[in-house]
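Enquirer: Before anything else, here's the structure in question.
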Amino acid sequence: MKYERETSNLLRRLGVNNSYVGFRYTIYGVIRAIANPELLTYISKGLYVEIAARYQTSVGCVERNIRTIINTIWLHGDRNLLNQVFGFELIQKPRNGAFIDALAHYVVCHYYD
């Protein structure tokens, strides 16, 4: 998986680590969103289903655990880096789809072979 390490490093810099279940879900979600952006169009019927199948869990657990990652970053993480990832200053906590989309875009734009 080409972007796995870069996504992992970015999440760590944002303020979360692999002790969160959603950490792995988010990394896989970013990788899948890079490979197939259409999965973000109907996130709960596309991307979440793929993540849930991969990790043998429910769609609800995937959604909740990714939301926990976002909440942890929002409350305790590097807000300046989060704003940099999005390209503008956030005034409210991002939704899961926007978060994964922004991470995917940032990783692709900042990845060097």
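The values are calculated or read from the model by the stated rules, or taken from the named source; none is laboratory data. Predicted model, so just to flag it, every value in this text is computed and none were measured. Neighbour counts run over all protein chains shown; Cβ positions are idealised from the backbone, glycine included. Note: accessible area is taken over every heavy atom of the protein model, side chains too, but ligands, DNA and RNA are not part of it. Shrake-Rupley method; radii C 1.70, N 1.55, O 1.52, S 1.80 Å.
Enquirer: Scan the stretch 2-19 residue by residue and report those that are farther than 22 Å from Leu40 by Cα and among the hydroxyl-bearing types (Ser, Thr, Tyr).
Expert: Ser19
Enquirer: To continue, here is another question. Looking at (1) over 22 Å from Arg13 (Cβ atoms); (2) of a type outside the set (S, T, N, Q); (3) at pLDDT 95 or above, which one does Leu39 not meet, given that it meets all the others?
Expert: (3)
Enquirer: Looking at the stretch 3-22 only, could you name the residues that are open to solvent by 70 Å² or more (accessible area, probe 1.4 Å) and either among the acidic types (Asp, Glu) or under 14 Å from His105 (Cα atoms) (or both)?
Expert: Scanning the stretch 3-22 gives a single hit, Glu4.
Enquirer: Take the residues in the stretch 49-84 that are assigned to a loop (DSSP other than H, G, I, E, B) and in contact with a helix residue (DSSP H, G or I) (Cβ under 7 Å, 6 or more places away or on another chain); name whichever of them is farthest from Val16 (Cα to Cα). Break it down stepwise before answering.
Expert: Just the residues of the stretch 49-84 that are assigned to a loop (DSSP other than H, G, I, E, B), to begin with: 56-58, 77-78.
Of the ones still in play, those that are also in contact with a helix residue (DSSP H, G or I) (Cβ under 7 Å, 6 or more places away or on another chain) are 58, 77-78.
Working: Ser58: 22, Gly77: 7, Asp78: 10 Å.
Ranking the candidates gives Ser58 first.
Enquirer: Moving on to the next point. Sort out which residues of the stretch 1-48 are in a helix (DSSP H, G or I) and aromatic (Phe, Trp, Tyr), and write them in order of number.
Expert: Once the filter is applied, which keeps residues that are in a helix (DSSP H, G or I) and aromatic (Phe, Trp, Tyr), the stretch 1-48 yields Phe23, Tyr25, Tyr28, Tyr48.
Enquirer: Among (1) out of contact with any Gly (no Cβ under 9 Å at 6 or more places or on another chain); (2) hydrophobic (A, V, I, L, M, F, W, C); (3) closer than 18 Å to Phe23 by Cβ, there is one condition Ala35 misses while meeting the rest; what is its number?
Expert: Exception for Ala35: condition (3).
Enquirer: Listed residues Tyr55, Tyr42, Tyr48, Tyr25; which is farther than 14 Å from Ala102 by Cα, open to solvent by 40 Å² or more (accessible area, probe 1.4 Å), of a type in the set (Phe, Trp, Tyr) and touching a residue at least 12 places away in the same chain (Cβ under 8 Å)?
Expert: Tyr55
Enquirer: Hey, another quick one. Out of (1) within 23 Å of Asn36 (Cα to Cα); (2) hydrophobic (A, V, I, L, M, F, W, C); (3) in contact (Cβ under 8 Å) with a residue 40 or more places away in the chain, what's the single condition that is false for Ala102?
Expert: Among (1) within 23 Å of Asn36 (Cα to Cα); (2) hydrophobic (A, V, I, L, M, F, W, C); (3) in contact (Cβ under 8 Å) with a residue 40 or more places away in the chain, Ala102 violates only (3).
Enquirer: Something else: In the stretch 85-113, which residues are among the aliphatic types (A, V, I, L, M) and assigned to a helix (DSSP H, G or I)?
Expert: Keep residues of the stretch 85-113 that are among the aliphatic types (A, V, I, L, M), which gives 85, 90-91, 98, 100, 102-104, 107-108.
Residues satisfying the conditions are Val85, Ala98, Ile100, Ala102, Leu103, Ala104, Val107, Val108.
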